[in-house]
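K.L.:
My questions will all concern the structure given below.
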Amino acid sequence: MAILDTGVRYYHKDLGGSTWLSTTGNIWINPGEIAGNGVDDDGNGYKDDWIGWDWVTGITGCKKGEDCKTEDNDPRDFAGHGTHVAGIAGAMTNNSRGVAGVAGGWGDGTTGSIGNGAKIMCLRIGWLSASGSGYVRMDFAAQAFYYAANKGATSANCSWGSSNSGGLGAAVDYAIAHGVLICHAAGNSNNNVADYLGARTDVMNVAATDKNDVKASFSSYGTWVDVSAPGVDIVSTYHNYQDPANDYVAAMSGTSMATPFVTGEAALVKSKYPSYTWSDIYNQIKNTTDNIDALNPGYVGQLGTGRINACRALGGTPNPKAITSGPVPEKFTLFQNFPNPFNLATNISFYLSDKSEVSLTIYNVLGEKVRTLVNGTLDAGSHSITWDGKNEAGSVVASGIYFYRLNAGDQVMTKKMSLLK
């Protein structure tokens, strides 16, 4: 799975799980290259491209601390976007850590660095500006398409807007001719305008839905969309440039998040049906979706054939099982919010041993009240409240550390959380 994005935190323990020279996990390793010997062993024009490549070069105005000067063989992430996308497609499963990617394989239940899922090819073509906006350049993307095709990628994730410039069109033609299924985000403009990749009929374009199978409020749509996938409050692996030493997970929303569900599903289909061509995979995914037109009467025929269903695509019959929780607490408990850190919304859960007068309040680091989420009587039992990152006036608050305090009768508990944008 070629991830054309802002790079990947390949050493995240839920992706690669180790250091630069010993990364394994679900990170793709170039079989023709010997790491660190300073030689272009496979003769593809890229020296020491052991786990992919970073094409970003000559860019001014990048966020302080990001590598934007020279292309190199280290496609690590800075912005966090590419790491989030990669985790949705292929984070390791069953390892008692983080999240589970669509094509993450099935581990042995430990937190070790061995992964048996579809592999993540790390291709950096984007960066974060000083103002915090993300950018991708089409000539960088074009070079990444050639690389992915030549290295045998099954699917390529493109969670970014496109134009037919920088040689992109010819590179896309080349990638498709070499068997790559290109998965592309429809966009977050809530309109029916397709960009360059969106207008191509040989690219799989993906709209976003919420947990109720309803079109996400931000998602673009149109007859050019092929399928839909979940794209609201998706929790995945993350790189926090303000704390680069530690692994994170975070919730993000966008068609950027919907698209890697399809990229991962394409890898699953290829694993099940190795002889399938890109067009076979494309048709298999489109023909096995769940129709959601009845839930979206205003967008009939504009969200593709429906919301993807990986089980059906693999020839199975979906049979959802009830989700069971862990043991119920016996006393007053305030849980750590999840996800944490978060960028749009987070859930705060707590348990009351008795019916109580309850207040749940958010404070900033100065001790100033930001928002009261609960103020009233609640029954005994488990409760969960969502904070949307807004203050009492309905304005989105700034990134930073916040505290949430739960008062229930004479009992008080406080915990800390982080908001990242």
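The values are calculated or read from the model by the stated rules, or taken from the named source; none is laboratory data. The shown structure was predicted, so the numbers you read here are calculated from the model rather than taken from an experiment. Cβ coordinates were reconstructed from backbone atoms using ideal geometry, including for glycine residues, and neighbour counts include every protein chain displayed.
K.L.:
Condition first: in contact with a His (Cβ under 6 Å, 6 or more places away or on another chain), on the phi < 0 side of the Ramachandran plot and surrounded by 20 or more Cβ atoms within 10 Å (Cβ to Cβ). Can you find one or more residues in the range 18-31 that meet it?
P.N.:
no
K.L.:
Next up: In the set Ser162, Ser155, which member is within 24 Å of Gly231 (Cα to Cα), in contact with an Asp or Glu (Cβ under 6 Å, 6 or more places away or on another chain) and in the same structural domain as Val269 (by TED's automatic domain parsing)? First the steps, then the outcome.
P.N.:
Details: Ser155 fails: in contact with an Asp or Glu (Cβ under 6 Å, 6 or more places away or on another chain).
Checking each option against the conditions leaves just Ser162.
K.L.:
Looking only at the range 357-406, how many residues end up being farther than 16 Å from Leu334 by Cα and either among the small types (Gly, Ala, Ser) or in contact (Cβ under 8 Å) with a residue 60 or more places away in the chain (or both)?
P.N.:
9
K.L.:
Taking the stated definitions as given, is Leu344 under 29 Å from Gln242 (Cα atoms), at pLDDT below 85, assigned to a loop (DSSP other than H, G, I, E, B) and outside the structural domain of Gly231 (by TED's automatic domain parsing)?
P.N.:
In short, yes.
K.L.:
Within the range 275-284, is even one residue of a type outside the set (Phe, Trp, Tyr) and either outside any helix (DSSP H, G or I) or not assigned by TED's automatic domain parsing to the domain that holds Ala194 (or both)?
P.N.:
Scanning the range 275-284 turns up at least one residue that is of a type outside the set (Phe, Trp, Tyr) and either outside any helix (DSSP H, G or I) or not assigned by TED's automatic domain parsing to the domain that holds Ala194 (or both).
K.L.:
Out of everything in the range 402-421 that is within 23 Å of the chain's Cα centre (by Cα) and of a type outside the set (Gly, Ala, Ser), what residue ends up being farthest from Ala79 (Cα to Cα)?
P.N.:
Met417
K.L.:
Can you pull out every residue in the range 349-365 that is modelled with pLDDT under 90 and under 33 Å from the mean Cα position of the chain (by Cα)?
P.N.:
Selection gives Ser349, Phe350, Tyr351, Val365.
K.L.:
Within the group Pro260, Pro297, Pro230, which residue is assigned by TED's automatic domain parsing to the domain that holds Ala79 and crowded, with 21+ Cβ neighbours inside 10 Å? Talk me through it step by step, then tell me what you get.
P.N.:
Numbers: Pro297 fails: crowded, with 21+ Cβ neighbours inside 10 Å; Pro230 fails: crowded, with 21+ Cβ neighbours inside 10 Å.
Result: Pro260 is the single residue among Pro260, Pro297, Pro230 that is assigned by TED's automatic domain parsing to the domain that holds Ala79 and crowded, with 21+ Cβ neighbours inside 10 Å.
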